[in-house]
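The values are calculated or read from the model by the stated rules, or taken from the named source; none is laboratory data. Please read these numbers as outputs of a predicted model, since none were measured by experiment. Glycine gets a Cβ as well: all are built from the backbone with ideal geometry, and neighbour counts include every protein chain shown.
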Amino acid sequence: MIDDVAARIRQNVQKVIVGKDEAIDLVLVAVLCEGHVLLEDVPGTGKTTLAKAMAQSLGCTFRRIQFTPDLLPSDVTGLSIYNQKAQEFEFRAGPILSQIVLADEINRATPRTQSALLEAMQERQVTVDGETRALPRPFLILATQNPVELEGTFPLPEAQLDRFLLRVSIGYPSESDENAILRRFRQADPLSELGAVTDPVAIRALIEQVRTIRVEDSVQSYIVKVARRTRDHEDVTLGASPRATLALYRTAQAWAAIHGQSFVTPDDVKFIAPYVLTHRILISPQMRVRGREPQEVIADVIATVPVPVASS
C-alpha cells in the first residue's frame with residue numbers, strides 16, 4: 001500500500017520535475033519520517049519547484065520564507081498584535097505554521113533567526129510570548145542553500161545541521177532531460193495545474209505504517225556500527241550523533257517501504273547512509289586542508305563496516 005501511494009506521488013511530481021526520481025523519493029522519505037531536508041544546490045535546478053510540487057501532490061498547505069539578513073524570528077514564528085477594537089492581543093501566525101515550509105537560502109539569515117527554526121524542527125511546535133502552539137502534521141521544512149555563493153551568509157551551526165534528516169543535491173539535468181523540460185514548459189507551467197493525489201490524513205496513516213517495516217537484529221546492528229564508525233574515524237573530529245543513528249534507522253525503513261519491501265536490507269542502509277550522515281560529521285582541520293570531503297569519509301565507512309550476511 002505504501003509503495004502504491006508513493007508511486008502515485010512520484011508520477012504526479014514527475015509531471016513537473018524531470019529526471020530527478022531519486023530526489024523525489026528522498027523528499028518523500030523525509031515526509032514519511034517526519035523529518036526535514038536540506039536542499040543544497042546552485043540556483044535554477046528546481047529546488048523551489050520540487051517543494052511546491054510535493055506540497056500540491058500531498059494536498060498540504062505550503063508557505064515560502066525568503067531568508068535575508070534582516071529577517072526577524074517573529075517573521076518566521078508569528079507574533080501577537082494588539083487589536084484596539086477588541087482591546088486584546090491576537091496572535092498572527094507566521095509562515096512556519098504550515099505543513100510544508102520552504103526556507104529559501106536559509107544560510108542568509110542571522111543565527112538568531114536560524115535558531116527560531118530549532119524548536120519547530122525538533123519538537124514540531126513554536127513558542128511565542130510564552131504560549132506553545134503545535135504545528136500541523138505532516139510537517140516538513142525544505143531548506144535551500146547555495147554551496148557556491150558564500151558572501152554574506154551565516155553557516156548553519158552543527159546543532160541545526162543535525163536536525164536535518166537528509167541533505168540532498170538535485171544537480172543539473174541530463175541533455176535529454178533538459179530538452180524534455182523545454183518541451184514541457186513551452187506553452188504553460190504544469191505546476192499550476194498539478195492536483196493532489198493524496199491528503200494529510202492518509203499521509204499520517206502511512207507515517208505510522210512505515211514504522212512497522214521490519215528491521216532484523218543483524219541489520220539494526222549494522223546501522224549502529226556504521227554510525228559509530230564515523231566517531232572513531234581518523235579523519236573525523238565530530239562523528240554522527242545518536243539522533244543520526246535513529247535517522248538512519250527510520251529512513252532505511254521508509255526507503256524500503258516506498259519500494260514495496262516489508263523489511264530493511266543492508267543495501268537500503270548503504271544507499272541512504274550518505275544522505276543521512278554526510279552533513280552530520282566534521283572533518284579534522286588537517287584533512288580539510290588536504291581536500292578531504294565528508295562524502296569520501298562516509299564512502300570509506302560504508303566500504304569498511306562488515307555487511308551482515310543472511311543466515312541459511
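For the reader, a short list of remarks on this structure follows.
- Scanning segment 1-32 for residues that are in a loop (DSSP other than H, G, I, E, B) and either farther than 24 Å from Asn179 by Cβ or in contact (Cβ under 8 Å) with a residue 12 or more places away in the chain (or both) yields Met1, Lys15, Val16, Ile17, Val18, Gly19, Lys20.
- Residue in segment 223-236 that is surrounded by 15 or more Cβ atoms within 10 Å (Cβ to Cβ) and in contact with a Cys (Cβ under 8 Å, 6 or more places away or on another chain) present: no
- Whether a residue is assigned by TED's automatic domain parsing to the domain that holds Ala23, more than 16 Å from the chain's Cα centre (by Cα) and surrounded by fewer than 20 Cβ atoms within 10 Å (Cβ to Cβ) was assessed, and Leu118 does not pass this test.
- Single match in Thr48, Thr61 (criterion: in the same structural domain as Lys15 (by TED's automatic domain parsing) and within 28 Å of Asp268 (Cα to Cα)): Thr48
- Hey, Glu178 acidic (Asp, Glu), closer than 29 Å to Gln261 by Cβ and assigned to a helix (DSSP H, G or I) or not: no
- Helices (runs of 4 or more DSSP H) wholly inside segment 247-312 that include at least 2 residues being in contact (Cβ under 8 Å) with a residue 60 or more places away in the chain and of a type in the set (A, V, I, L, M, F, W, C): 266-277, 294-304
- Verdict on Lys52 being in a loop (DSSP other than H, G, I, E, B) and either touching a Lys or Arg at 6+ places or on another chain (Cβ under 9 Å) or not hydroxyl-bearing (Ser, Thr, Tyr) (or both): no
- Residue that is surrounded by the fewest Cβ atoms within 10 Å (Cβ to Cβ) [pool: residues in segment 61-75 that are out of contact with any Pro (no Cβ under 8 Å at 6 or more places or on another chain) and of a type in the set (A, V, I, L, M)]: Leu72
- Extreme residue, surrounded by the most Cβ atoms within 10 Å (Cβ to Cβ), among residues of segment 97-113 that are more than 16 Å from the chain's Cα centre (by Cα) and farther than 30 Å from Ala196 by Cβ: Ala109
- Checking Leu156 against (1) at pLDDT below 85; (2) closer than 26 Å to Glu22 by Cβ; (3) surrounded by fewer than 15 Cβ atoms within 10 Å (Cβ to Cβ), the condition it does not meet: (3)
- Residue, nearest to Val269 (Cα to Cα), within segment 192-229, restricted to residues that are in a helix (DSSP H, G or I), touching a residue at least 24 places away in the same chain (Cβ under 8 Å) and of a type in the set (S, T, N, Q): Gln220
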